[in-house]
1. Rounding to the nearest 10 and keeping the result within 0 to 90°, find how far the Cα-based axis of helix 320-334 lies from the longest principal axis of the chain.
2. If contacts are Cα pairs under 8 angstrom and at least 6 residues apart, what is the relative contact order of the chain in percent?
3. Between N16 and T31, what length comes free when the chain is fully extended (0.36 nm per residue of separation minus the Cα-Cα distance, one decimal in nm)?
4. Students often check this: by mean Cβ neighbours within 10 Å, which of 268-280, 287-299 ranks highest, and how do the rest follow?
5. If each of E67 and K303 carries a label point 7 Å out from its Cα toward its Cβ, how far apart are those two points in nm?
6. With a point put 7 Å past each Cα toward its Cβ, work out how far N5 is from D292 in nm, to one decimal.
7. Residue by residue through segment 172-184, which ³J(HN,Hα) values in whole Hz follow from phi under the Karplus form 6.51 cos²θ - 1.76 cosθ + 1.60 (θ = phi - 60°), with glycine and proline marked x?
8. Take the cross-link list K138/K256; K82/K152; K143/K397; K158/K293; K293/K397 and give me the ones stretching past 31 Å between alpha-carbons.
Amino acid sequence: MVGLNVKDIVAKGLFNKSSTLEVLKTKSKVTILQNVTDRVVIVTGTPLFDEQGNIWRVVSRARDITELNRWKNQTEEERRLKDQYYSELVEMRVRQMTRGEGDFVAGSAAMQQVVELAMRVARTDSTVLVRGESGVGKEVVTKFIHRNSTRKKSALMKINCAAIPENLLESELFGYEPGAFTGAMKKGKVGLIELADHGTLFLDEIGEMPLALQAKLLQVIQERTFYRVGGTKPIEIDIRIIAATNRELEKLVEEKKFREDLFYRLNVIPITIPPLRERKDDIVPLLGRFLDKFNKKHQMDKKISNDAFGYLLRYRWPGNIRELENMVEQLVVITPADLIEPLHLPGYIRNLPNPLDKQDKVTVPGVVSLPEAIEEVEKQLFLSAYENCKNTYQTAKMLGVSQPTVVRKLKKYKQNIG
């Protein structure tokens, strides 16, 4: 190319374009990407002007970025494969838990969404706020996130903000220096925050934390530093924070019982676990898991009859999974027979009405045509069953039809499906 005009070089296809020609057109500095045979070059052309202001020379500086592009494409492909493998891992774990084989049962669609979100959150160091009624499994989800995170080899430190008196909570969390207060240990004490360094700090019942401590916790989240009680030296820590609550923190913020800035710092990734009454598909696998657990623990071989299962499915479980677990252990221990029947269940469960019992009468409005009567009976059956089950799969099982049929009929009768 030595001695050739740049116009001829471009015309011959040796370059796809020329920085020199672009500089001559614009009379200013230009940077372009240039294809030279099988190479990619980034070229910056700079004009040099004579005393009359005319372009005298163009100095072009070229940098071959072919290998850089190849490395970039390779990195993007590796990242794509990594994301694909991780998505497959998430799906595998969800399927595993659907069969009751994982860390916790996730047979319902609602819990499968919780598992998938928890798996994706586990890859990051983002602060997580786990919400849900008492007994739904907030601690189980927290342990699941920690075990699937990069911090799994370090400690998961838990503190229940409601279980420790307010005057002791600060020293438990932050630790204290020797002689910080009357009764303090001579050597001082390391707090849970410091013990969780490089690991995860789990703040259970965060809604019960006193306002005075909330400000100190906010500093830990924002700056990743804190002071021991009575200390003057800042301590740096590397922790991930997961908080859990069964309280409505937004309401506590309105009532000035919880700091608004702390709420937003904690609520980076919210995970809400639905109550057991809203995920009835989880009841049967949970019953099976707890039955196996307590049979092994008490060296028994108890089973639950289908009729007893029906009563347990209709119960709303206000205490959620914790109540269900305690109930199964109670039945395993006190039932004299090997088969647990409805007569062995507590009265408040045994006396629940069956939505399909004859006492729930289906009526038609007077004398109508047979097709109208059939449609009215069908409507009442589907709506009544769904009202009690709150789940299209259980409704289908109760009525002896397919789940798509239930969905279609409920839409026909303008019932919002949860």
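1. 40 degrees
2. Reported relative contact order: 12 percent.
3. Working: separation 15, 0.36 × 15 = 5.40 nm, distance 1.41 nm.
Answer, rounded to one decimal: 4.0 nm.
4. So the order, starting with the most tightly packed, is 268-280, 287-299.
5. 7.0 nm
6. Calculated label separation equals 8.4 nm.
7. 5, 6, 9, x, 8, 7, x, x, 5, 7, 4, x, 6
8. Numbers: K138/K256 25 Å; K82/K152 20 Å; K143/K397 34 Å; K158/K293 25 Å; K293/K397 27 Å.
From K138/K256; K82/K152; K143/K397; K158/K293; K293/K397, over 31 Å: K143/K397.
No value in this document is a laboratory result; all are computed from the given coordinates. Given the structure is predicted, the values throughout are model-derived calculations rather than measurements. Backbone-built Cβ (ideal geometry, glycine too); neighbour counts: all protein chains shown.
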